[in-house]
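No value in this document is a laboratory result; all are computed from the given coordinates. Keep in mind that what you see is a predicted model, and the values were worked out from it rather than measured. Because the Cβ atoms are built from the backbone with ideal geometry, glycine has one as well, and the counts that use them run over all protein chains shown.
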Amino acid sequence: MANIISPTIPKNPPTSCPLCSFTHAFPYLTVDGIPLWGCYRCGCLFAHHPRLERILGEYYAGQYADDRGHGGERGIDRCKEGTYTRYLSRIATRKGSRPRRLLEIGCSAGLGLLTAKKLGFEVAGLELSPDSVRTARELLPGVEIFSGTVLEAPYPDNSFDVVVLLDTVEHFQKPHAELEACARLLAPGGDMVIVTPNTVSLTHRLSPHLWPHLVIEHSTLFNPKALRRTLEEFGLRQVHTGFAHKRFNLEMMTHHLNLNPGTPGAGLLLKLFSLMPAKLRQAPFPFNYGEFFAYFKKPSPA
């Protein structure tokens, strides 16, 4: 699906922000027919549409996995593996004599779980897209991959030592409730890792119409302060935050340019990339287009 971004006409305004419950918001932009609104208090952007849940449910069940490169393509997988290794390698893999139990929320086609398993974690996953769930289960036989939202997850509180949300929280349609559910699943002494687009990033401020994170499935777009305040409300403590250095390659860029043919210079870049050898197109490099990372800790009881 190519992204169509247009002005948001003030129609059927939201009654409150789904993250902080503030009652005043301003129209921002419309993405593929879904209006985005900005909260005057927390600064987040959020989608508001009377049929939002149904529209996104049909999209996740349809072309989402193919659109966003969640089907196990090797060139894209190499980048994801590098990104996961970067962030998970900072976290202890064992708790005493046993591997720490890790849940990835939004596990896509399973590459992050496979990477975490190689690093020594005991893993489980949760994913909305049925196609991605099938791919992940084929990649990781015997690993529990739950199909659904975190609000539907069958796990009791304090079930996991590590909760990972890489490119996930922006998909939350009910961000306050879903972040609370994530915090409940984390055991005392546990770690939470988040990477997500940053609404106060320079790239977003300079070129909102070209910002690649304005896509139909991104229902809530955060800034670091709003995310920290919300998770602190649920008892978590922020340990570190900063500029996210994800892994990227020209194959991923080609994928995104094909999705967004209106990007200036897209045709020339696609022609140039097609002339390059596959090895060069798949070579990963550090890349950031307005994302931040944050580590949180759930304090152990005194």
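In a reduced charge model with +1 at each Lys and Arg Cβ and -1 at each Asp and Glu Cβ, the chain shows a dipole moment near 920 debye about its Cα centre.
With each label modelled as a point 7 angstrom along the Cα→C-beta vector, the Phe243-Arg54 pair spans 4.5 nm. Residues considered: Thr23, Thr168, Thr149. Largest GNM mean-square fluctuation over the chain, using C-alpha springs under 10 Å, is found at Thr23. Each of Ala177 and Leu269 was given a label point 7 Å from its Cα along the Cα-to-Cβ line. The distance between the two points is 3.8 nm. Each principal axis of the Cα cloud of region 135-261 was evaluated for its coordinate range; sorted largest first, these ranges are 45, 38, 24 Å. Each residue of region 110-115 was assigned a 3J(HN,Hα) from its phi angle through the Karplus curve 6.51 cos²θ - 1.76 cosθ + 1.60 (θ = phi - 60°); the sequence is x, 4, x, 5, 4, 4 Hz, with glycine and proline shown as x. Region 193-211 and region 113-157 have Cα centres spaced 28 Å apart.
Taking only the C-alpha atoms of region 1-55, Rg followed by Dmax gives 10.9, 32 Å.
Along its principal axes, region 207-290 has C-alpha extents of 52, 26, 19 angstrom, given from the largest down. Projected over every direction and averaged, the convex hull enclosing the alpha-carbon atoms of the chain yields 15.6 nm². What the phi angles of region 130-142 give under the Karplus curve with 6.51, -1.76 and 1.60, with θ = phi - 60°, is a coupling list of x, 5, 5, 4, 4, 5, 5, 5, 5, 6, 10, x, x Hz, glycine and proline written as x. Taking a Cβ cut-off of under 15 Å around Ala25, the surrounding Lys, Arg, Asp and Glu residues balance to a net charge of +2, with basic ones at +1 and acidic ones at -1.
Compactness of region 1-105 was expressed as the Cα radius of gyration divided by 2.2 N^0.38 Å, which yields 1.48. Projecting the Cα atoms of Leu102, Pro50, Thr30 onto the charge dipole of region 29-109 (Cβ charges, centred on the Cα centre) puts Leu102 farthest toward the positive pole. Its Kirkwood hydrodynamic radius, worked out from the mean inverse distance over all distinct Cα pairs, puts region 168-241 at 13.3 Å. Full extension of the chain between Ala302 and Lys95 gives 72.7 nm of extra length, using 0.36 nm per residue less the Cα-Cα distance. The sum of -39500 (n - 2.57) across all DSSP H runs of n ≥ 4, divided by the residue count of the chain, sets its helix-only mean residue ellipticity at 222 nm to -9000 deg cm²/dmol. Computed over every Cα-Cα pair of region 33-168 and binned at 10 Å starting from 0, the pair-distance distribution P(r) comes out as 11, 37, 32, 17, 2, 0 percent.
Working from label points 7 Å from Cα in the Cα-to-Cβ sense, the Thr23 to Glu232 distance is 2.6 nm.
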